[in-house]
Amino acid sequence: MTAPELAVWDDAIRLHDRRVYLSVLALGLPPDRAREVTQQTWTRLMEQHAQGKLDQLELPGLAIRQARFYALNEHQRSRTELRVLAAVPEPAAPDPERALASRQELERVLAALATCSPMARKVFRLVYATPNGNAASAAQAVGLSLQRVRQILCETRSHIRKQMEVAP
Amino acid sequence: MNREDIELYVMGQYDGDVAALERAIAGDPALAQIVTEEARLEELLRDAAAAATFCPACDDLVRDTRCDSCGAAVKPGGYTALRVLVSNAHGRMYVARDADDRHVALKELAFVQAPSPAALAAFEREAKFLRALEHPAIPRFLASFEEGSGVHTRYYLAQELVEGTSLDRLDDHWYTEAEITALGKQVLEVLVYLQSLSPMVIHRDIKPANIIKRADGSIALVDFGAAHVHGTTAGVTTIGTFGYMPIEQLAGLVDATTDGFALGMTLLHLLTRQEPWKLAQQRTTVNASAPLRAFLDKLTAPEPKDRFASAKDARAALDNPAALAVVPRKRRPLLIAAAAVVGFAAAGGGVFALAHRTHHHAPPAAPPLSTLHVRMTPNVNSLLDLDGKPLQMVSDGQEIPVTSGTHHIVVHQGEQQCMVEETFAGGKTSFVDCSFPVAPAPAPKLHIDKKVTWSLEHVKLHDFVLLAANTCGFSAVIADNIDSATTVNVKDAPCDQAFEVVLESLGLSYSYDPAANLVRVAPAHELEDEVAHASALPDGGKVDIDFKDADLRDVLKVLIGASGTSYNLVVPDDIHAKVTVRLEKAPWNHAFEAVLAAHGLWYRYRENGKLILIAPRHQIEDEDARHPGR
């Protein structure tokens with residue numbers, strides 16, 4: 001792999017690593033194993049790319065699918081609690097019921113978000129819907145302390161979590 | 001270890017010992033379960049954020065092309081609005097992304113009423129100028145287009161986005177003489193270009209807010225909305241900014257010295273950190289050499305004939321300022337330097353005065369600034385007074401530069417005040433803590449963070465309410481028996497508070513119906529005892545109207561027409577009133593009740609026969625008291 005190619009991968013990893021790591025954590029792997037699986041995923045993708053086996057690099061979707069696959073294997077190998085079965089990797093053919101449930105879940109999150117305060121929505125947008133957004137850049141943008149912005153994020157999550165629990 | 005730590009960890013925001021946290025998670029299945037839950041939620045939030053469209057002005061979630069809450073555009077003309085740079089009564093300036101992923105400045109012109117020929121002319125003038133201009137310090141024209149019709153018409157102008165900071169936002173910076181000279185040269189070069197065009201173009205609104213400083217130190221001149229082609233009829237329309245423009249511009253007279261004068265006032269503002277109108281009231285010291293003061297003196301001479309004849313002459317003078325210092329001053333021999341400031345006496349309907357202030361040689365040392373850090377609960381935008389003068393709106397965590405020394409600070413949150421006397425030491429941060437008791441279950445109020453700047457002389461209340469409703473994005477109803485005029489001066493204040501403060505100054509208040517986003521303006525005492533209730537009228541259609549001083553009966557008929565049901569309306573003959581109402585997607589029944597309530601009226605609804613009987617509210621209440629349960 002050439003230096004420019006490596007630089008491209010560095011950028012991709014910097015941009016999407018957290019998202020891939022989260023997807024493995026969400027399957028119930030402990031943090032240390034989740035980190036290993038994430039690294040393994042990137043290594044595998046880089047190898048496949050170098051061998052010309054990847055026509056299209058759709059990130060982070062491809063990395064998330066690969067990481068979930070590894071996570072599932074990990075669970076099966078260690079025969080640990082299979083919380084993972086509740087969220088297996090996406091099936092080859094789209095499952096209409098799963099897609100509908102997933103859409104409904106998103107709608108519920110958006111409905112809950114709509115009931116948050118304007119400042120909470122602003123912070124949410126700056127952190128989650130802005131490229132490279134994080135609490136520090138959001139704090140700078142809204143003129144609040146980093147501590148306060150983190151507090152707002154936690155309050156927003158708590159509000160959405162509660163609304164999701166209440167919603168049918 | 002608590003849930004918040006894990007939330008922060010999952011978000012990548014945990015500041016503590018991550019390794020220790022991970023060890024704790026590995027050793028505790030309950031914590032591991034929380035991590036899994038929070039990671040799933042985090043994924044969901046990221047997916048939701050990717051699927052959502054946020055309003056670029058108020059961050060509300062938008063499902064259409066325009067925000068239901070504040071009216072800001074989301075995707076005008078194929079552009080994606082990213083954020084609002086400036087917002088005023090006439091429209092907004094967005095940072096937007098075009099189809100090629102380039103960031104552009106998108107200027108929107110909105111109207112309270114159907115656009116007037118003058119408003120359209122100004123917009124078309126700006127588009128025409130920009131299309132023809134080609135200079136590195138002038139944003140490139142990209143496109144102009146319109147959307148909507150009638151009162152919903154919006155005109156757009158897309159220009160190259162100038163990344164930088166406008167000079168009015170750098171007013172805490174102490175400019176050196178070298179910086180002022182360099183800035184003057186750069187702006188004059190743009191003016192030389194504009195004056196070299198045939199016919200010559202005059203910007204007419206040079207001021208710090210219209211000069212953008214880029215990161216590389218170069219400047220850009222923006223906002224050609226007031227620009228004028230020399231030789232065309234100026235008319236009597238006054239365009240420009242008080243304080244910066246020369247006195248003859250008030251009479252519509254402009255020439256090659258006009259922009260130079262405004263530049264001179266701009267440079268004086270930056271040099272003294274005093275706005276031009278304040279220069280007329282205070283003894284202000286100019287920290288500059290004699291040649292520069294002589295240059296500014298000539299640039300801002302009250303009489304056009306005493307100024308530099310053109311931008312080219314002024315530019316040349318800056319290259320050889322020493323020559324200026326020896327020019328004998330015939331007109332003002334006693335003045336070392338002078339700032340000519342246009343003062344505006346509103347009461348006289350146009351009495352203007354020129355004031356000259358003596359400037360002294362001794363340059364003041366820039367005092368070291370300290371930082372006032374406001375900590376406030378609940379976190380509600382509040383007004384902060386510094387040493388008895390209203391300073392600005394503040395929220396929790398906000399930091400404000402202040403001079404060293406002891407200051408009296410008052411934070412106003414509604415009727416509550418938090419008063420603190422604090423001594424600030426040079427360069428350090430001092431915290432001011434204000435904890436306000438939370439009032440139990442307040443009546444619903446508008447909550448619009450969007451900042452507005454209103455400068456309105458003797459505006460009629462009805463016009464002001466319509467303007468506020470349109471700018472801030474809510475529906476409004478006001479009866480004709482409430483009428484007065486007021487002067488409104490609000491700068492960069494949140495919509496909701498600015499609106500409330502203006503009403504309060506007139507002894508008025510408003511009730512707010514969140515379900516309809518509907519405001520009803522009424523005398524404060526009339527609203528005190530009002531209790532929210534569910535409408536007895538069935539839900540139906542939503543209504544969009546914009547009427548000023550319309551007949552009450554006509555408005556009621558329009559609302560019933562929008563209900564989608566054939567109701568029979570009975571209005572006693574002795575009920576006559578006018579109403580001003582602006583509704584945007586308001587449920588008909590909420591709007592119907594608000595219009596009645598605004599006139600002290602109410603109704604009875606008989607489902608059998610779909611009959612709505614209108615009567616004075618006190619009459620209905622008396623009847624209810626006599627026949628409870630009716």
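The values are calculated or read from the model by the stated rules, or taken from the named source; none is laboratory data. None of these values were measured; they are calculated from a predicted model. Glycine also receives a Cβ, built like all others from the backbone with ideal geometry; neighbour counts cover every protein chain displayed. Keep in mind that these areas ignore ligands, DNA and RNA; they rest on the heavy atoms of the full protein, side chains included. Shrake-Rupley method; radii C 1.70, N 1.55, O 1.52, S 1.80 Å.
Given the pairs B:75/B:451; B:185/B:450; B:107/B:451; B:460/B:557; B:542/B:578; B:75/B:557, which span a C-alpha to C-alpha distance of over 28 angstrom in this model?
Details: B:75/B:451 21 Å; B:185/B:450 36 Å; B:107/B:451 17 Å; B:460/B:557 26 Å; B:542/B:578 22 Å; B:75/B:557 35 Å.
B:185/B:450; B:75/B:557, as the Cα separations exceed 28 Å there.
How many Å² of accessible area per residue for segment A:3-87, probe 1.4 Å? Write out the running numbers ahead of the final one.
Values: 4700 Å² over 85 residues.
Heavy-atom SASA per residue in segment A:3-87 reads 55 Å².
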Under the Karplus curve 6.51 cos²θ - 1.76 cosθ + 1.60, θ = phi - 60°, whole-Hz ³J(HN,Hα) for segment B:78-84, x wherever Gly or Pro sits: x, 8, 9, 6, 9, 7, 9
Simple spin-label estimate for residue B:152 and residue B:420 in nanometres, 7 Å along Cα-Cβ: 4.8
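Take the Cα atoms of segment A:3-87, build their convex hull, and give its volume per residue in Å³. Intermediate results must be reported in sequence, preceding the final value.
On the way: hull volume 7.8 nm³, N = 85.
Output value, Cα hull per residue: 91 Å³.
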Long-range HN-HN contacts of residue B:601 with modeled amide H, under 5 Å: B:617
Minimum 40 Å² accessible area buried by the other protein chains, segment A:11-38 residues, probe 1.4 Å, relative to alone: A:18, A:19, A:22, A:25, A:26, A:31
For residue B:509, residues with placed amide H under 5 Å, excluding near neighbours: B:522, B:524
In nm, spacing of pseudo-spin labels at residue B:82 and residue B:369 (7 Å Cα→C-beta vector): 2.6
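Summing +1 for each Lys or Arg and -1 for each Asp or Glu, what net charge is found among the other residues whose Cβ lies under 11 Å from the Cβ of residue B:7?
Values: positive: A:150, A:157, A:161, B:3; negative: A:155, B:4, B:5, B:37, B:38, B:42.
Value of the local net charge: -2.
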Proximal lysines to residue B:305, defined as alpha-carbon separation beneath 20 angstrom and excluding residues fewer than eight positions away on the same chain: B:330
Area of residue B:448 that stays accessible when all protein chains are in place (1.4 Å probe, Å², to 10): 20
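For segment A:96-166, which whole-number percentage of the solvent-accessible area (1.4 Å probe, protein heavy atoms only) is attributable to carbon and sulfur atoms? If you can, show how the numbers build up before the last one.
Working: 1890 of 3600 Å².
With neighbouring chains kept in place, the figure for segment A:96-166 is 52 percent.
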Residue order for B:623, B:124, B:189 - accessible surface, 1.4 angstrom probe, largest first: B:124, B:189, B:623
Inter-probe distance in nm under a simple model that places probes 7 Å from Cα toward Cβ, at residue A:49 and residue B:524: 6.4
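On a full-extension model of 0.36 nm per residue, what is the gain between residue A:39 and residue A:100, subtracting their alpha-carbon distance, rounded to one decimal in nm?
Numbers: separation 61, 0.36 × 61 = 21.96 nm, distance 3.18 nm.
Extending this stretch completely gives an extra 18.8 nm.
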